[in-house]
Amino acid sequence: MAPQGSSRLLLAPLVLVLVLVPGSLAYSCPRICRCRADTFQCTRETQLGSRARPLSVSKLKLSHLSVEIVPSHAFRDINVTRIEISQSFSITKIQRHAFLSLHRLSEISVQNIVSLRAIEKGAFTDLPRLEYLSICNTGMIHFPDFTSVSSLMSNFMLEMADNTKIDSIPANSFKGIAEEYIFMKLFRNGFKEIQSHAFNGTKINSLILRNNEHLYKIHEGAFDGALGPMTLDVSSTALSSFPAKGLTQVKFLTAVSAYTLKVLPPLESFTELLEANLTYPSHCCAFHTWQRKQRENTMKNLTRLCDVSELDMEPTGDGLDVIDYIAFHYHYLELDCLNSPFIQCTPKPDAFNPCEDLLGYTVLRFLTWVITVCAVTGNLAVLVVLLVSHQKLTISRFLICNLAFADLCMGLYLLLIAAMDSYSSHQYYNHATDWQTGAGCGIAGFLTVFASELSVYTLTVISLERWHTITNAMHLHKRLRLRHVSVIMAAGWVFSLLVALLPLVGVSNYRKVSICLPMDIETLGSQFYVMALLILNVVAFVVVCLCYVCLYLSIHNPELATHHSDTKIAKRMAVLIITDFLCMAPHLLLCLSADLRMPLITVSTPDPGHPVLPNHSLKNPLRCTIYSRPFPKDVWLELLPRGKCQSKPHTF
């Protein structure tokens with residue numbers, strides 16, 4: 001037991017050294033430096049005192065330093081072009097003038113030092129040939145000071161990445177960093193905001209802010225006092241808007257996977273934009289629409305100048321004709337009388353996201369509002385009168401109530417669509433994302449699917465009930481009772497609710513198209529869902545047709561006795577149901593073609609009937625109740641005192 005105890009005592013100091021000085025075993029002091037336990041110096045004196053020739057060392061790499069501070073004048077007058085400090089668990093601070101007046105230095109890298117908490121002001125001072133400065137994966141809390149770098153090199157590059165504890169870029173952070181244009185790569189940091197005047201005094205060629213997942217705000221004046229940027233990348237950030245100022249020189253804009261960036265600033269802010277890679281197709285619509293209008297206005301103003309070339313005019317004093325003279329002195333007008341190219345923008349609009357308002361045509365807007373108002377008021381009136389009526393609730397009345405409620409839901413869906421169209425008129429591209437991904441579109445989609453399926457289900461039940469009643473007219477014991485039909489309709493309600501809820505929980509979705517239909521068929525489950533719905537509707541139509549064929553044969557068969565009232569109801573219901581399915585047939589055909597990936601409509605040939613297809617929600621209350629004889633009677637009985645109505649029953 002004694003040898004084991006003594007071995008433990010011998011190992012203890014070694015373990016203590018490893019704990020106190022992590023990485024000390026891997027650290028090796030460069031031969032052009034002098035190192036002690038608590039500090040180091042890499043200066044011209046130490047370089048000349050080493051065996052290395054001054055010009056033979058171009059890069060100084062300091063890895064696994066065990067010191068806590070990079071001291072002032074640590075690299076005084078050293079003759080190297082690159083300095084790298086990395087892989088240290090001890091360094092907490094870089095002091096003022098640590099990198100001072102190093103006129104040959106072109107590159108500084110400070111990387112993978114998670115213990116680093118601060119870089120003092122003036123740490124990087126008077127570095128006229130510096131071309132590349134990288135500060136990555138540190139534990140700094142505040143943005144470092146670059147105001148005294150004073151680089152004179154063109155295309156200076158600043159890289160800051162994985163500094164997750166820096167939450168803000170303050171004002172004047174880059175003023176004095178370089179005289180020429182700068183490339184800034186500021187990605188995967190902890191930035192939450194960029195303050196006003198942050199880029200004051202700089203010339204920015206490229207500003208890369210991608211993957212700053214917590215960056216939610218760039219203040220309005222962030223680019224005040226700056227030239228550029230010409231390239232801006234804000235992909236994978238939490239930005240919800242751009243500043244309206246400071247973007248006039250942006251030529252290349254990237255905002256991929258920026259899902260919270262739903263509203264663009266006034267498009268006049270992007271006067272020089274050539275290429276945009278965005279998240280939502282609706283934003284590309286915005287650029288295309290705006291540029292088309294700009295070109296139309298420009299062409300109107302320049303039509304006379306372009307037409308001058310067709311006239312015989314004397315040359316100017318210097319021998320140039322009028323068009324050449326204008327083109328030479330006013331080249332920015334681009335008087336070539338040709339259309340300038342559109343902004344290259346992705347993702348491009350497709351069949352599901354065209355560059356239009358929600359309701360693209362004035363006629364459709366008018367018809368949609370007419371159908372909406374009439375459908376809501378008409379079906380609401382039907383429900384109120386039938387439900388409060390003192391007449392007996394028959395099976396026909398009960399089924400008509402269910403149909404009226406379904407059509408009322410469809411009317412409410414149209415109301416949401418029409419209201420959103422009015423709200424976003426001529427600027428739908430700025431509202432498309434909020435609408436299609438928000439609660440409004442989810443509610444509208446739920447209403448339209450629920451209403452459609454409940455309506456189809458009710459119409460099918462009506463057809464089956466009429467067929468069963470007429471074919472069994474002489475067998476009273478076989479007739480359906482209200483309780484039987486109630487159970488059947490309860491099943492229909494459950495089915496319709498389930499079908500309408502599925503897109504809200506991930507089986508297809510209502511976000512794919514602006515009119516909030518479940519048109520997402522990217523996954524196998526979504527394809528099966530959409531196809532199943534369409535097939536069920538087609539089957540329902542076939543069942544209804546068969547029922548009324550049988551009814552027709554029964555009515556005209558002298559061997560089968562039928563009640564005259566049943567025959568009249570059957571005829572009225574036949575007209576109601578067949579016209580309903582004729583209204584739905586074009587929509588079913590378009591949906592089937594889309595689900596089979598053979599769409600019959602495209603962006604250039606949109607379906608102009610989509611807001612008018614639910615016109616059965618207007619027609620049904622008129623056809624089956626309001627224009628029928630019992631309905632005015634019920635209304636009259638409810639509006640007048642019961643005694644007066646009972647005195648003249650023959651009026652009805």
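Put simply, of ARG117, ARG76 the only residue that is charged (D, E, K, R), in contact (Cβ under 8 Å) with a residue 24 or more places away in the chain and within 18 Å of CYS42 (Cβ to Cβ) is ARG76. Selection of first residues in segment 246-267 that are touching a residue at least 12 places away in the same chain (Cβ under 8 Å) and of second residues that are of a type in the set (Asp, Glu) and not in a helix (DSSP H, G or I), restricted to Cβ pairs under 6 Å at least 6 apart or on distinct chains, gives the following pairs, ordered by first then second residue: GLN249/GLU272; LYS251/GLU272; PHE252/GLU275; THR254/ASP233. Within segment 75-118, the residues that satisfy the criterion of being closer than 21 Å to ILE32 by Cβ and aromatic (Phe, Trp, Tyr) are PHE75, PHE99. The combined condition, being touching a residue at least 40 places away in the same chain (Cβ under 8 Å), closer than 27 Å to GLY506 by Cα and among the β-branched types (Val, Ile, Thr), is fulfilled by THR433.
Taking the listed residues LEU359, LEU386, the one that is modelled with pLDDT under 85, in contact with a Lys or Arg (Cβ under 7 Å, 6 or more places away or on another chain), closer than 30 Å to ARG481 by Cα and outside any strand (DSSP E or B) is LEU386, with no other qualifying.
Residues that are at pLDDT below 95 and either in contact with a helix residue (DSSP H, G or I) (Cβ under 9 Å, 6 or more places away or on another chain) or assigned to a loop (DSSP other than H, G, I, E, B) (or both) are absent from segment 203-211 altogether.
Filtered by the rule that a residue be small (Gly, Ala, Ser), within 24 Å of GLN195 (Cβ to Cβ) and outside any loop (DSSP other than H, G, I, E, B), segment 86-144 gives ALA118, SER134. Checking each residue in segment 481-503 for being surrounded by fewer than 16 Cβ atoms within 10 Å (Cβ to Cβ) and over 14 Å from PHE398 (Cβ atoms) picks out ALA491, VAL494, PHE495, LEU497, LEU498, LEU501.
Screening LEU274 with (1) more than 14 Å from the chain's Cα centre (by Cα); (2) crowded, with 19+ Cβ neighbours inside 10 Å; (3) over 18 Å from PHE183 (Cβ atoms) gives one miss only, at (2).
Rundown of residues vs (1) in contact with a Leu (Cβ under 8 Å, 6 or more places away or on another chain); (2) crowded, with 21+ Cβ neighbours inside 10 Å; (3) under 25 Å from SER148 (Cα atoms), yes/no style:
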{"residue": "SER168", "(1), (2), (3)": "no, no, yes"}
{"residue": "GLU179", "(1), (2), (3)": "yes, no, yes"}
{"residue": "ILE204", "(1), (2), (3)": "yes, yes, yes"}
{"residue": "LEU209", "(1), (2), (3)": "yes, yes, yes"}
{"residue": "ALA222", "(1), (2), (3)": "no, yes, yes"}
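Within segment 122-170, work out how many residues are among the acidic types (Asp, Glu) and under 33 Å from the mean Cα position of the chain (by Cα). Residues meeting the conditions: 3. Would segment 411-420 turn up any residue that is surrounded by 23 or more Cβ atoms within 10 Å (Cβ to Cβ) and closer than 29 Å to LEU482 by Cα? The answer is yes, given that some residue of segment 411-420 is surrounded by 23 or more Cβ atoms within 10 Å (Cβ to Cβ) and closer than 29 Å to LEU482 by Cα.
Residue check: is PHE199 part of a loop (DSSP other than H, G, I, E, B), among the aromatic types (Phe, Trp, Tyr) and at pLDDT 95 or above? For PHE199, the condition - part of a loop (DSSP other than H, G, I, E, B), among the aromatic types (Phe, Trp, Tyr) and at pLDDT 95 or above - is met. Taking the numbered list (1) under 28 Å from VAL149 (Cβ atoms); (2) of a type outside the set (Val, Ile, Thr); (3) surrounded by fewer than 23 Cβ atoms within 10 Å (Cβ to Cβ); (4) at pLDDT 90 or above in turn, LYS245 passes all entries but (4).
The values are calculated or read from the model by the stated rules, or taken from the named source; none is laboratory data. Worth saying up front: this structure is predicted, and the values here are computed from it rather than measured. Virtual Cβ from ideal backbone geometry, glycine too; neighbours counted across all protein chains shown.
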